[in-house]
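*Asks:* Handing you this structure, nothing more for now.
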Amino acid sequence: MKSPQSMRWIGQAAAYGAFALFIGYFSNSPAYQHLPPDQAVLKLSLRHSGQVLGECKQLSPEELAQLPPTRRAPVSCPRERSPLELELVVNGKMRFSERIEPRGLHHDGMASTYHRINVPAGSVSLTVRMKDRLDQKEFPYVAERQFDLRPGQVLLIDFDSQEKRFSFL
């Protein structure tokens, strides 16, 4: 009869062996295909603050007297920001059109989005447009580019808030 100590070692070796086989099998099977072989990926990812809605207002002495002492600033400025309107046209077809609300309790934060689009590899014509104030008639930020995408290539579209332009990485 085998001792309990040796049975424990045999059981532990069997458990480790089964775990190693499990990991070994699933490290290569089933085969994973990230994209179909003739596809590329566009990733639209941006964070931008819309313009502040409203104007700053100079408070009168009567209005200041009605406020608590800790809130008596002579100028009152709104915090709320405009939503963004963002569009992406790929090869003449609208592939993404969305109104992106600003974050935050008072809608005073940045608006952000992430969207992934699979496109056929090859020549791709892109037009990206954005408004950072909804009452604008035209899109103030527009970028039109032509790319030759390889199968499996990822193209990132971002907006540089400092430079006020789209960038393609």
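*Asks:* Once you list every other residue whose beta carbon is under 12 Å from the beta carbon of S125, what net charge do they have if Lys and Arg are +1 and Asp and Glu are -1? If you can, show how the numbers build up before the last one.
*Replies:* Working: positive: K93, R95, R145; negative: E144, D148.
Neighbour charge sum, excluding S125 itself: +1.
*Asks:* Plugging the Kirkwood radius over Cα pairs into Stokes-Einstein for the chain, at a temperature of 25 °C and a viscosity of 0.890 mPa s, what D comes out in µm²/s? Numbers along the way, then the final one.
*Replies:* On the way: Rh = 21.1 Å.
It comes out at roughly 116 µm²/s.
*Asks:* Another question, if that's okay. How big is region 54-135 by the Kirkwood estimate over distinct Cα pairs, in Å?
*Replies:* Result for region 54-135 stands at 16.2 Å.
*Asks:* Would you mind ranking L126, L59 so that the residue whose beta carbon has the fewest other beta carbons within 10 Å leads the list? Mind showing how you got there, number by number?
*Replies:* Numbers: L126 21, L59 15.
So the ranking, lowest neighbour count to highest, is L59, L126.
*Asks:* Further, regarding this structure: Could you check the simple spin-label distance between N118 and V75, using points 7 Å along Cα→Cβ, in nm with one decimal?
*Replies:* 5.3 nm
*Asks:* Any idea how far apart N91 and K57 come out in nm if each label point goes 7 Å out from Cα toward Cβ?
*Replies:* Those two pseudo-labels are separated by 5.3 nm.
*Asks:* Next up: Tally Lys and Arg at +1 and Asp and Glu at -1 over the other residues with C-beta under 13 Å from the C-beta of V90: what net charge comes out? Present the calculation step by step, with values, prior to reporting the outcome.
*Replies:* Working: positive: K43, K93, R95, R116, R129, R145; negative: E87, E144.
Charge balance near V90 sits at +4.
*Asks:* Among the lysines, which have Cα under 23 Å from the Cα of K131 when same-chain residues fewer than 8 positions away are ignored?
*Replies:* Cross-link targets: K43, K93, K164.
*Asks:* At a 10 Å Cβ-Cβ cut-off, how would you order M130, M7, M110, fewest neighbours first? Spell out each step's value before the answer.
*Replies:* On the way: M130 21, M7 11, M110 16.
The order, fewest Cβ neighbours first, is M7, M110, M130.
*Asks:* Quick check: pseudo-label points 7 Å beyond the Cα along Cα→Cβ at L21 and L67, how many nm apart are they?
*Replies:* 7.4 nm
*Asks:* Let me ask something else about it. Starting with the highest mean, order 37-49, 64-76 by the number of other Cβ atoms within 10 Å, averaged over the residues of each peptide. Don't jump to the answer; show the numbers that get you there.
*Replies:* Working: 37-49: 17.1, 64-76: 9.7.
Sorting 37-49, 64-76 by mean packing, highest first, produces 37-49, 64-76.
*Asks:* Pairing the Cα long axis of helix 4-28 with the longest principal axis of the chain, what angle in degrees results, from 0 to 90 and rounded to the nearest 10?
*Replies:* 60 degrees
Every number in this text was worked out from the coordinates using simple rules, so none of it is lab data. This structure is a prediction, so every number in the text was calculated from the model and none was measured. Don't worry about glycine lacking a Cβ; one is built from the backbone with ideal geometry, like all the others, and counts go over all protein chains shown.
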